[in-house]
Structure formats: C-alpha cells, structure tokens
1. Under a crude label model (7 Å from the Cα following the beta-carbon direction), how far is B:Arg524 from A:Ala69 in nanometres?
2. Which whole number of Å³ per residue matches the convex hull of the alpha-carbon atoms in chain B?
3. Once phi is turned into ³J(HN,Hα) by the Karplus curve 6.51 cos²θ - 1.76 cosθ + 1.60 with θ = phi - 60°, what whole-Hz value does each residue of the range B:162-168 show in order, with x for glycine and proline?
4. Between Rg and the Kirkwood Rh of the range B:297-364, both from Cα atoms, what is the Rg to Rh ratio?
5. Treat the count of other C-beta atoms within 10 Å as a stand-in for reagent exposure and order B:Tyr246, B:Tyr884 from fewest to most.
6. For B:Asp837 paired with B:Ala854, estimate the spin-label separation in nm (one decimal), with each label point 7 Å from Cα along the Cα-to-Cβ line.
7. Classify the range B:561-623: rounded, prolate or oblate, from the alpha-carbon gyration tensor (a ≥ b ≥ c, eigenvalue square roots; a/c under 1.5 rounded; otherwise prolate if a/b is larger than b/c)?
8. Please tell me which of these pairs span more than 23 angstrom C-alpha to C-alpha: B:Lys254/B:Lys429; B:Lys166/B:Lys421; B:Lys862/B:Lys920?
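Nothing in this text is a laboratory measurement; each read-out follows from the coordinates by a stated rule. All values reported here derive from a predicted model rather than from experimental measurement. Here the Cβ positions follow ideal geometry from the backbone for every residue, glycine too, while neighbour counts run over all protein chains shown.
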Amino acid sequence: MDKSNLIKMANDIGSFFKSEPDRTLAIAGIEQHIRNFWEPRMRKEIVEYIEKGGTDLMDIVAEAVKKLAK
Amino acid sequence: MSANNEIDYGTPVSSAENQVTLEIDGHSVTINAGSSVMRAAAEAGISIPKLCATDSLEPFGSCRMCLVQIEGARGYPASCTTPVAEGMKVCTQNDKLANIRRGIAELYISDHPLDCLTCAANGDCELQDTVGQVGLREVRYGFEGDNHLDAEKDTSNPYFTFDPAKCIVCSRCVRACEETQGTFALTIDGRGFESKVSPSQNQDFMDSECVSCGACVQACPTATLMEKSVIDNGVPEHSTITTCAYCGVGCSFKAEMKGEQLVRMVPDKNGQANHGHSCVKGRFAFGYATHKDRITTPMVRDKISDAWREVSWEEAITFAADKLKHIQATYGKYSVGGITSSRCTNEETYLVQKLIRAGFGNNNVDTCARVCHSPTGYGLKNTFGESSGTQTFDSVMKSDVIMVIGANPTDGHPVFGSMMKRRLRQGAKLIVVDPRSIDLVRNSPHVKADYHLKLRPGTNVAVVTALAHVIVTEGLADEAFALERCDVESFDKWKTFVSLPQNSPEAVAEVTGVDAETMRAAARLYATGGNGAIYYGLGVTEHSQGSTTVIGIANLAMATGNIGFDGVGVNPLRGQNNVQGSCDMGSFPHEFVGYRHVSDTETRSQFEAAWGVSLESEPGLRIPNMFAAAIDGTFKGLYVQGEDIAQSDPDIQHVHHALRELECLIVQDIFLNETAKFAHVFLPGSSFLEKNGTFTNAERRISPVRKVMTPMAGKEDWEVTQDLSNALGYPMNYSHPSEIMAEIASLTPQFAGVTYEKIDAMGSIQWPCNDEAPDGTPIMHADEFVRGKGRFMLTEYIPTQERTNSKYPLILTTGRILSQYNVGAQTRRTENVAWHDEDRLEIHPHDAEVLGIADGDWVGVKSRTGETVMHAIITERMQPGVVYTTFHFPHSGANVITTDNSDWATNCPEYKVTAVHVAKVAQPSEWQQKYQSFSDQQLSLLENRIVAGD
C-alpha cells in the first residue's frame, strides 16, 4: 500500500498520544491502537518501513512500531 | 387528515400523576388531573362532536361544537378547554346541546361546498362525520350571500393542495405549524368573515416559509389541506406500522395502502421517537420506491465497458460467487471484502458481515458509518464504555441548556429539531458551536441561540478544550460526580491538562475565531445552567480530530455531572436511519456484533461455535484501506449492499480509480447508483416497503420495518445475501428476518432480550435489552458507566494538515439540506427537487465581492485534489473565508474536491475542511465533463442491456 499514506496515518495516531505526559504510556497507546485497528498487511508494511531505516515517523510512533514488530 | 381508524381523543394526554374522578353522562370516569372533559369522555368511549380539537394540539376552543353542560356551572362550556375536576358531573347529550350543535354545524355548512361525493376526503372527513353526528338535516341559509366558495385553490406544493373554499378556519393547521413543527409559517389573516389561513404574508405555500412537513395537512379536519396522492388515488383502506427509511430519528409511520399501492405515509402518534410528527422526506418523499429507474432484474457483465446482460437470480448469484471464488483462489482469501449500509436493516447488515467473516473467511467488512460516525463509536466507547448516545429524544424536553455542536437538526434531523425548538420556546438556553449560521442561530421571535460560537472549521477540539478549561479553572466542575463515578487518576490528569494556559479561551481565540469571553460565557452556562445536554453531528466527527472532539464532549459531560438521567447526556445525531444499527451489527472490521474486538478469544469462540467455522482474529480492512489495497493490486473483489461509495466517499477520483481496479464489484441496490456504474454484478435490492426487519435509530431504539408490498425484484435483501452465501459454500437457511434477530440476540449481550414479538408489543425497544433491563434502557450510564468508571482522556488540539494559503485561500465545509437525503438516490427521484435541484456553493458577501461573484454565477471550486463547478449563493450564513456546499447530486462533484485527510483514530474522512480556490467560470470542470461522459456511457449500456431471449 501507499507508504506515505501509512506513515501519515501512523503519525496522526502519534499526534493524539503525544499529549500523554508518560512517554511509556503514549508509546503503548500507539502500539495498541495500530494493533487493534490496522489490518495485518498494513502493520507489516509499516514495520518493514521502520526496519529498513525509514525516518519519517514521529519518535514515539517509531518506538511503537518497533514494539509492534516484536 | 389523520390516520385511518385512529381514535382522536381531542386534547393531549395529561402528564399529571394524580387522578380525579368525575361523572360523564352517568358514567364514572377516572383520569389524570389536568385532562380536558373532552379527553375524559373520549377515554370513556363517549364521543363529543368537535372540529377545532385534535389530540396532537393544545385545546383552542374556537369551533364551539364540543359544548357540554356541567352541573353547577353557568352556560355551555367547551369540553376541550374545560379541565376535569373531582366530583364534576357532565352531560354531553341533551336536546339543548343538540340544537346548539346543529345551529353551529349549519353555519359551517352554509359556506362549504356540498361536493362530498366527489371530494377527496369523502369517507375520511371530520366535518362530514361531525355534521352527521349532530344530525344536521337542513341548511336554511342559501349560497346567495357572501361566501368563500370561489376562493382560489393553491396547488403550488408538489405534495398537497390548499383549497380555501373548504376551510372552516378552525386554526388546526396554524396551531400544528406552531406547536408541532415550530415553523410559524401559517397564520389566520383578517378578522371575522375575512378570516383566512395565510402562508407567511399571503403567499402561496411554495413561496412561504413552509417546510412541507405536512403537520397542517394531517391536522386539517376537511379536504382543505389534502395530500395529492389521496386526491389522485382515493382514501387508503388499510395500514401497517413501519419505520422511516431516511434520517437517524427513525420516525414511526403508518403506511396507508390500497392493496399493494402506498397512498399515504402518516406519522404514528404512538411512535416513541416522533410522537406523530414527520418531515417532508418521511411523509411525502416515498415516490422513489416505485420510480421508473428501479432495476428489478439481476444483471452481469465481464467488464464495465460491456453492456449489461439481464439474467436470472440463480445465474447472477452463481456468476458472482464464481468470480469471488476465482479471485480468492488467485489472490488469496484477503483479496475480497464487503460494505454494509446504514440504509439497510439490522438483519441485512448482520447477514452481510456474517457472510464476509464466515463465508469469505476474513474480516474485510466495513460500513458507511466509517465516513460519518465512526469517531462516535471510538470516542464514546473509550470514555463511557459504549458506542452509543446516552439518552432518549424525549430527554431534551427536560434540558435547561442545550449545546448543539456541528449539527443542523432542523435540516438533518427535522422531527427532533422540532422537539428541540419546542423546548427552546419553553425557555431552555441554547449554545450553538458551528462555523455556519444554521437555522437555530438565526434571530427570530421563536428560537435564538444564546451563544453562537462561530468557529473556524477544524478547530472543534480547541473550542471544546477551552470550554473545559473554563469549567475547571473557574471551579464549575461537579467534582463529587467525577470523583464518585469516574476514574480519579484520569480526572486529575485531565484537569491538569485542560488548565494549561495554552488551552484557555484567550489563548485559542485567534485560531478558533471565537471571542474568548463568549467561550467563557458559554462554558459557564453549560456547567451551571441546570440540566445540560450536548447534541452533535458530522460537524464534530468528520475531521482529522473527529474522535478527539467526541472524547472532549464526553469529558465535558462527565466533568459537569451531565450524564445518567433525563435532560442531560451526549447525543450523536446519526445521519442515516440505521447508522447506530449497522455499527451495532458488527459491521466494523475489528468488531463482532455488540462492539467486541475480533481478537477477544472468548467472544470469537462463541461466534465460531454458532457459525460453525474458524474466524480470523485480526482486524480487516477499512473502506479507505480497501481502496488503497485495490490500487495496490491486493484487493480485487467487493460486495456493496445499499451504499454509494462512488459518490459519498471523499477524493472521488481516488475512489473511482480503486473501483476500476476491481475484478469483481457486486452492487446490491434499488437503482443503478454511481457505484453500480463500475460494477460487474448488479443484484436488485428491495425498498424499505418491500421487506421485514428492524432499524435502530440515534437513541438506540430498535423499531420494526414491515413489508407492505411484494419485493419488485422478487426477493428481500437478506434473501439475496443468503443466496450468495450458499453459492459460496457457506450455508445459510433463514426463513424470516425474525430468525436472524433471534441469532443476533443469542450472541449479543446488549440484544439478549430482543425479539420481534417484544418489538411488536412495545412498539420499539431501546437497547441494552436483556435480563437486567427486560424492557430496554432509555437512559444509559444511570448508576454506573458501562466501562465501570468514566474515563477522562486528553484532547490536545492538533491543527489539520489541510491549510489555506494564497493558492487555496478559502475553507470549504459540507453539509445537508432538509429536502434532500445523503447521496440523493432516493430524494432526487421525488418531487423534493422542487426545493433543491442541485448542490450550490454558499459564500459570504465579502468573499463574493472580492472575487467578483454575483448570486447565481457559475463558480469553479478547486482544491488540491480536484475541481468542480456549481452555482453560487451569496449568504451571510457563512463567515468570511468559509464556503459551504451539499453533496446530494453526483454531477456536482462535491467529493471531487474533498481530500483523503481523515480522523486519526478511525479514518473517518475530513469532509468538513478543504482548502479551496473559488473563481467565476463559464463551463463545467474537466472532471465533470469526463464524468458526465462516463455516466452517459453507463446509462447507455444499461439502456441497451441484453435481455433474455435477445
């Protein structure tokens, strides 16, 4: 799927959770949201993106996606 | 005229709790205090002649036909305006009363055309009945004197006529317009003999303020105001109670029939959502159901450039099933999916999602709520624990402060809008948060917003959070409620967040465009003005922060204790009739019926046991994901029941691209809609008049949909889904939708107590309905939130990425209009086009002047995604810098302009904020010309379809 769209969607999720003062909770929230609502092929693509060194994700989103990969 | 064979009690029921006992014609009658003598008599089975009284209106006492004698009272009081009293003794029939009534009837008849035998109301006329009841045998006054018999008939309204020659000036129409509808379009002009009903300033109905709700027609006791369908077809002979197929109010109607012909829709006075009222769509706009454009034979084709080929049901189903099987065999089982519709019944949507999960073997099912109220589901589930509104519609009658955010009830939910206006006339305060001056805002003698927060589109979260800032920092929160009923840690964290200086009204005034003091005043009113209720619509949800605003609204209600009882609450106004139901029925790709995630093993096991298959534990594709996957080449087959994604979804060129990439698009609809123009299989659908089922409205009310005519294509929609499932190898064997509901109830805690028998007995049921609440649940979260403790969540304002600049300096926002509905497939095929026959661009006079645009000019509206052309309307409803249009007509291309921005949580599209450039033009846009050509080609392929035997 269109990578730029997936990146945008992921960062939009991150923008909501970034107001959470506890960074750990914010990252967990992003991870859970993507896990709950993204179809597996979308998750796979965003994980591949970060694993290949993609840099356009917000920091907390990138952290969440890495946890998603585990 | 009211519905056939209904008892009219003359005056409304009294809500008083204490009762009195009186004697009427020697019979002892006990009734609620405050009732009229007329009502008491009617409830005892004693009919008092009447003309100006009807039980939908307050007593008026003008016709003098209902006079009675009361022991100890002077004269002959009108029974409609005389309240009952303990020990009262009433006589309704004696010689003196009979003489008086005959004299009055004689005067009425002396100025009434005696054409009863050919009158459209013959057999259904209260004047005729009453005159017969009083035994009038002679009219001593001839027609030689002055009379009104030659008064000109007004036929301007497409649905009803106004014949003043037959008017008895009882004022029922005027009172219905005021009390029931709240428009005040009618008045009695003149005095004495000159008195006459006048729409607005003696205009005809179409040029007046009349909104054509039909309340006046229903109230009229003669043929003065008469449905044209009755004039054309005669008085109906039987009726069936069913539920409207338009908006989320879900009005109950009596479908009045002659055989299988629908003659008239009369709102059911026992309807628990609408209490006998309706709007122009529900009452009158049913002609689409038998429109010549209906397609009643299945059709197939291999390519969308091919002519359609009419086939049998069996061949069409086999063709579709074979295509889907081939696609799954070629591209994998995740390469197909389906879309359910909020225009379909609960049973139909349940069956489609079951077919996809169990028959297709994946969770690629989504519903049109994706593009409207999916943020409501997310926001309310996460804060309150349930994806639904909290109240009944009637609750508004106990509200002291009503906040309307991003909704336009008088256009989008008109029957509820009338109820809200009634409460406002009683003195409730009104706060409107909307970029546009909706009707509720406008200064009028009847309704006026106390505060209009005319914000810039896209800044809802900033405003809602600023309201919270005021409530917390000024000590207006209901701390006791929040500490007892809500999660305290989340409440404390939220208070800290909203109290930050950047969330103050002063800090956000510039970005929102709302004066800080107005925001403060509105917050104080909501928090301290008594029962505070919030109503919201798509102006909240269809934003990149749609879910955040829903959360913010829930936060406000919890912080002020406005939750859990009558008069308060959080109330999403659903766009289509079954938005709530289609969401309830497991139409989202991540949830089973009852909002339970597919990854929940216990839930999934229940469904696997009931359905006899192994089910996927991963969420499926949402609608926009399906489009992306289609363009990506991994999604190839789609089954669409009752939706028109090729018109309704944003960035239409992207949608059309995706649809063209599909190898098999199956559309089930009553018309060849825009989506069907890209289809390979067309399965003819059945209208709401042709099937059984249920709809669930915005207040969680499950109401009956009942078949009143044979399906034109031979099958109800659920039967078609069942056939497709069987052809795909997943067996379904229902014989009636009641069996589908029984299965739903067996698998869904919120629906466990729902049966067709109970719905018929109660009229409707508000879920949850189960052992804990066998009669349903009018008010949610009364003692405890569904999730236990209410959860406050943080709502940081994140500006949309859709920004204005020098190239796109204006913001376009979209909405609805009273006479049209959604994509217009139904209402465009009715006389409602008399009010609205194209989508137009509303623009503020200042912007129009700068751009050199005059009212009615063709204007090009260009965004980063596309361009379209429409006529301009210059109006001060808009604020400078913001333009507005509707999306009811496919060729206006409103969604050519909208972008793929969407809500962060749900991907609900950001229809409400698009940066555009507007300029005067002379011809349709390039897209419009291309699409017109494509559409013409498709209609030609339909016209020249191959029929059996060709």
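1. About 5.5 nm separates the two model spin labels.
2. Working: hull volume 167.3 nm³, N = 950.
Taking only Cα atoms, chain B has a hull volume of 176 Å³ per residue.
3. 10, 10, x, 4, 9, 7, 9
4. Values: Rg = 13.5 Å, Rh = 13.4 Å.
Looking at the range B:297-364, the ratio lands at 1.01.
5. Numbers: B:Tyr246 27, B:Tyr884 23.
Ordered by Cβ neighbours within 10 Å, fewest first: B:Tyr884, B:Tyr246.
6. 2.1 nm
7. Working: a/c = 2.76, a/b = 2.00, b/c = 1.38.
Cα axes put the range B:561-623 in the prolate bin.
8. On the way: B:Lys254/B:Lys429 34 Å; B:Lys166/B:Lys421 31 Å; B:Lys862/B:Lys920 11 Å.
From the list (B:Lys254/B:Lys429; B:Lys166/B:Lys421; B:Lys862/B:Lys920), the Cα-Cα distance tops 23 Å for B:Lys254/B:Lys429; B:Lys166/B:Lys421.
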